[in-house]
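Notes for the one structure printed next.
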Protein chains: 2
Amino acid sequence: MNASHLSRPPLTIRRISLDTGRENVAVISRRSRALRADVFRGFSRVALRINTKVLLATLMITDDDAMIGPDELGLSEPAFRRFNEPVGSAVSVSPAQPPASLDAVRAKIQGHTLTPAEITAVIDDVAHFRYSDMEIAAFLISAARFTSTDELLALVDAMASVGTRLKWQNPIVVDKHCIGGIPGNRTTMIVVPIVAAQGLMIPKTSSRAITSPAGTADTMEVLARVDLDVEQMKRVVTTCGGCLIWGGHVNLSPADDILISVERPLSLDTPEQMVASIMSKKLAAGSTRLLIDFPVGPSAKIASASEAMRLRKLFEFVGDHFGIAVEVVTTDGRQPIGRGIGPVLEARDVMAVLGNEPNAPADLREKSLRLAAHLLEYDPLLRGGAGYARAKELLDSGAALKKMQQIIDAQGPSVCNSELGSHAADVLAPADGVVNGIDCLRINRLARTAGAPIVKGAGIDLFKKIGDRVDQGEPIYRIYASDRSELDLAIAAAEAESGFSVNHHSPAAVEPVS
Amino acid sequence: MNASHLSRPPLTIRRISLDTGRENVAVISRRSRALRADVFRGFSRVALRINTKVLLATLMITDDDAMIGPDELGLSEPAFRRFNEPVGSAVSVSPAQPPASLDAVRAKIQGHTLTPAEITAVIDDVAHFRYSDMEIAAFLISAARFTSTDELLALVDAMASVGTRLKWQNPIVVDKHCIGGIPGNRTTMIVVPIVAAQGLMIPKTSSRAITSPAGTADTMEVLARVDLDVEQMKRVVTTCGGCLIWGGHVNLSPADDILISVERPLSLDTPEQMVASIMSKKLAAGSTRLLIDFPVGPSAKIASASEAMRLRKLFEFVGDHFGIAVEVVTTDGRQPIGRGIGPVLEARDVMAVLGNEPNAPADLREKSLRLAAHLLEYDPLLRGGAGYARAKELLDSGAALKKMQQIIDAQGPSVCNSELGSHAADVLAPADGVVNGIDCLRINRLARTAGAPIVKGAGIDLFKKIGDRVDQGEPIYRIYASDRSELDLAIAAAEAESGFSVNHHSPAAVEPVS
């Protein structure tokens, strides 16, 4: 059947306005002369060819000539972008042979361990969109069952090698990463200016929120442009010694983004996959010193000290292999950090800390100083143990704030609306007592329901934290939204479950403000 | 977020002409008020609701109002059919919670064995289209690694219970199944009339070809209608004692069809999955005696005697548990059976055997008699060892042919074009010698390239079999097609690799006929 695409009549490419995410989708007519009903069915895989260029896609078939005529081939937006051929080009379509590297996946399913060459081939095919969702799932699940340490190293190497690989002149390039899950935990935006003010290089790329109400990139975007490409990023780092940008346009470990998009709906979350994801990005970013923040708490990603230890050793092992000095700090992950949750509110907290404002959240300041202290000690010129004092000095003196302003200026002004949501409601304490628990997952979800991170000014402003006394009817937090219906949704959700427990758990009352 | 679908504005259903196979696909506008960009991306999963009815679907997003406007929700053909609500109905859309049974799949990935209740829940969700392709792949791969015998029994039970479950009055209901892969192997169409002529009940459902050039249903369709529903099937079986229909409208073990549609592109093919697939269908069909044909040969599905033994024991174990007496016969799978490959050519061979024509293929006759002999011995009235003689008697006397004609009349006349392809070409022996091998996979592929099974009259007519002497330039087989370009494709493929080896392997010459 290899020859069959040669003599089938070619079709002409048409662009079809369908966002199909990571999946390449092609549409042909049921009356198409190129359609072979015996091999092409809805959702079968096809190979599209122009000369030597090949795109694998998932096929849909239409009877509607207005959508796609018999001589046309429709490409969904992502497929059109990836194929990168003009509308009207002649394209041939044939049944797709599964990528050859799928043999390795099948071997892995049967319990074999894979060679570095096999893993490299799999990652190369994944990064070039040659795997369907199903095939990606097959790889991830086969690896979730068991991944050897050699396989893990090969995976990190392959993932780091497939996209942009940044190289810096400095022998010391520091980086930080947080395992995530804690609302309001925007320490990166305080740590980077402190560390850069010291003169260490810290070219930080961050992600946008996927399941949380704000990623560092979403919050930084309230203050400056974050969608820089590699050249723009390098210019900022050369000028400022650091940056705070979104990683999306830099293309570090692009296979990671694809793998994550399948891991997430399947809720696959093994230590090996987490380590491969993070370390491939750091390796590609050219980092040589990495501080990892492990928040531990009942509603954090890491629930126990033994889990934290196993994960730490895995990070250290991979770091040692690739010449990245990894340090892990375990932090309090029982409740949100700072007060604001959502991009605008978090940016407010960050600037309050950098500006040494009296009402700045003390926990955010303290945690940021502690993390910065670890990174500062990578400076050979600093005396051992002097990191914390130096971090405090750089913050209190305004040097960190000045550095932040320099970074903001270098990245360019923010283009998004950074006003706080115009609709708000207070959630009230259900009883007199002491706050004895805050469910991070619940607070994240409420802030998202209110519109964050898409609506920058939406979110939650916490008035109380664990250990605080509250009187019945006293506001415990305020929900902000820019849309009345989103506020109503968030209120309804908070009434059902506020996320706060005060002595005994009981429903919270909600009172509209303004 | 549970409440969020309640207050989002509903959309109105529109039907969209897209065949998306087993996957439910929904399309909404990027300007839709129901779209929440934070939770809905291309290819994310959504829940569609009308009152208590829920459909899970994969989402695509359009900017083209002509396709789907901001107040509309487009449903692809399969999703529209499965949701079964009229165009214009008000439907709400919310992020889909993954099916609860996916927790069991995740446990299985981690190496746990599943309880019967967990397996039942998974199969129920799969059969009701609540699993995405990825999620189905996750289940299959987790099970491919290891399936306990208890899990296998639970799987067969769950799969058989989820669709139609046939019950027959007779205590003895016989059935036969072939593991497949051998071109031309249409023994079922000879065995069923012999067995029914004896008075045994044999309500046979068959599949259409998926990767081969003809399934029994495709070939039977040349002679009679095969797309009967359960009631029509029962009437035929009551009248004739047997039937030869396509299983597609009877809905036996529908989860099997869905699982197979994911197993196939991933080339997952474990003994447990094969046994679950076949035994769930037989259990649902109400069979009590089952003969399984294992063709063994280098290009057959089963390549070795030890593999055959392991598979046989698995079938027997499952059969014993469910009260189905399973008998396995190992047959010669080194080459095609009969001469014709493709529906019309195979039907010709079958009718030649039933009609006792002098030129009827002896191997097809002999194999059919042997299989029928095993089944006949299930008749309590027949002496032990008398099965073969009785099968021969029923065939030679014309009783089997008469029964076949009765079955054809009861099922109704064929509605398809049963003419042999009007274009043909002979493939010639490349050298003097003896045929010493025929590659079944290759011959299947050539027949498909010529148009079978979609084109009933397309296929291959073999003139030579293993052991036959050939002279250089003598025709070894003829390719039939109804379309000149399909014939050309098949000729080119046969020239590249004919599938025959004659002494030494060398390319075959091709000579057009007619």
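The values are calculated or read from the model by the stated rules, or taken from the named source; none is laboratory data. Source: prediction; values computed, not measured. Cβ atoms come from the backbone with ideal geometry, glycine included; neighbour counts cover every protein chain shown. Quick note on the areas: whole protein, heavy atoms, side chains included, nothing else; ligands and nucleic acids left out. Shrake-Rupley method; radii C 1.70, N 1.55, O 1.52, S 1.80 Å.
Note on segment A:451-487: residues that are open to solvent by less than 10 Å² (accessible area, probe 1.4 Å) and β-branched (Val, Ile, Thr) amount to 4.
Residues of segment B:158-184 being open to solvent by 10 Å² or more (accessible area, probe 1.4 Å), in contact with a Pro (Cβ under 7 Å, 6 or more places away or on another chain) and not hydrophobic (A, V, I, L, M, F, W, C), which ones? If the condition is that a residue be open to solvent by 10 Å² or more (accessible area, probe 1.4 Å), in contact with a Pro (Cβ under 7 Å, 6 or more places away or on another chain) and not hydrophobic (A, V, I, L, M, F, W, C), then B:GLY163, B:GLY181 are the ones that fit. Selection of segment B:100-109 for residues being buried (at least 16 other Cβ atoms within 10 Å of the Cβ), farther than 17 Å from B:GLN273 by Cα and within 12 Å of chain A (Cβ to nearest Cβ) yields B:LEU102, B:ARG106. Within this structure, B:ILE302 fails the test of being out of contact with any Phe, Trp or Tyr (no Cβ under 8 Å at 6 or more places or on another chain) and of a type in the set (A, V, I, L, M).
The set of residues in segment B:476-486 that are part of a helix (DSSP H, G or I) and under 26 Å from the mean Cα position of the chain (by Cα) contains only B:GLU486. For segment B:499-510, the criterion of being within 14 Å of another protein chain (Cβ to nearest Cβ) and within 30 Å of B:GLN232 (Cα to Cα) is satisfied by no residue at all. Among the residues of segment A:110-140, those that are surrounded by fewer than 22 Cβ atoms within 10 Å (Cβ to Cβ), touching a helix residue (DSSP H, G or I) at 6+ places or on another chain (Cβ under 7 Å) and within 14 Å of chain B (Cβ to nearest Cβ) comprise A:GLY111, A:THR113, A:PHE129. In the set (1) open to solvent by 20 Å² or more (accessible area, probe 1.4 Å); (2) in a strand (DSSP E or B), B:LEU48 fails one condition alone, (1).
Confirm whether B:ALA347 is more than 30 Å from B:GLU231 (Cβ to Cβ) and modelled with pLDDT of 95 or more. For B:ALA347, the condition - more than 30 Å from B:GLU231 (Cβ to Cβ) and modelled with pLDDT of 95 or more - is not met. Screening the candidates A:GLY355, A:GLY323, A:GLY398, A:GLY384 for the property of being out of contact with any Lys or Arg (no Cβ under 8 Å at 6 or more places or on another chain), assigned by TED's automatic domain parsing to the domain that holds A:THR188 and modelled with pLDDT under 95 yields one hit, A:GLY384. Counting residues in segment B:60-82 that are modelled with pLDDT under 90, outside the structural domain of B:ALA137 (by TED's automatic domain parsing) and outside any loop (DSSP other than H, G, I, E, B) gives zero. For segment B:421-462, the set of residues classified as within 20 Å of the chain's Cα centre (by Cα) and either of a type in the set (Asp, Glu) or in a strand (DSSP E or B) (or both) consists of B:GLY459 only. So, A:ASP461, is that one over 21 Å from A:ALA360 (Cβ atoms) and either within 11 Å of chain B (Cβ to nearest Cβ) or modelled with pLDDT of 95 or more (or both) or not? So A:ASP461 does not fit the description; no. Among the criteria (1) within 11 Å of chain B (Cβ to nearest Cβ); (2) closer than 14 Å to A:VAL344 by Cβ, the one A:ALA481 does not fulfil is (1). Note on segment A:170-212: residues that are touching a residue at least 60 places away in the same chain (Cβ under 8 Å) and within 21 Å of A:ILE341 (Cβ to Cβ) total 20.
The residues on offer are A:THR62, A:THR20, A:THR58, A:THR12, and the sole one that is out of contact with any Lys or Arg (no Cβ under 8 Å at 6 or more places or on another chain) and within 10 Å of another protein chain (Cβ to nearest Cβ) is A:THR20. Every condition in (1) surrounded by 23 or more Cβ atoms within 10 Å (Cβ to Cβ); (2) within 26 Å of B:ALA303 (Cα to Cα) holds for B:ALA490 except the one numbered (2).
Per-residue answers, yes or no, for (1) in contact with a Lys or Arg (Cβ under 6 Å, 6 or more places away or on another chain); (2) of a type in the set (Gly, Ala, Ser); (3) within 14 Å of another protein chain (Cβ to nearest Cβ):
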{"residue": "B:ILE260", "(1), (2), (3)": "no, no, yes"}
{"residue": "B:PRO271", "(1), (2), (3)": "no, no, yes"}
{"residue": "B:MET274", "(1), (2), (3)": "no, no, no"}
{"residue": "B:SER277", "(1), (2), (3)": "no, yes, no"}
{"residue": "B:SER280", "(1), (2), (3)": "no, yes, no"}
{"residue": "B:LEU283", "(1), (2), (3)": "no, no, no"}
{"residue": "B:GLY297", "(1), (2), (3)": "yes, yes, no"}
{"residue": "B:LYS301", "(1), (2), (3)": "no, no, no"}
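Please tell me if B:HIS423 is within 25 Å of B:PRO475 (Cβ to Cβ) and either in the same structural domain as B:ASP488 (by TED's automatic domain parsing) or touching a strand residue (DSSP E or B) at 6+ places or on another chain (Cβ under 8 Å) (or both). So B:HIS423 fits the description; yes. Filtering A:SER418, A:SER501 for residues that are part of a loop (DSSP other than H, G, I, E, B) and either surrounded by fewer than 15 Cβ atoms within 10 Å (Cβ to Cβ) or not assigned by TED's automatic domain parsing to the domain that holds A:GLY242 (or both) leaves a single hit, A:SER418. The helices (runs of 4 or more DSSP H) found entirely in segment B:230-339 that carry 1 or more residues being open to solvent by less than 10 Å² (accessible area, probe 1.4 Å) and in contact with a Cys (Cβ under 6 Å, 6 or more places away or on another chain) are B:230-240. When A:SER207, A:SER287 are screened for being under 28 Å from A:LEU441 (Cα atoms) and of a type in the set (S, T, N, Q), only A:SER207 passes. Take the conditions (1) touching a Gly at 6+ places or on another chain (Cβ under 7 Å); (2) over 25 Å from A:VAL455 (Cβ atoms); A:ALA362 misses just one of them, which is (1).
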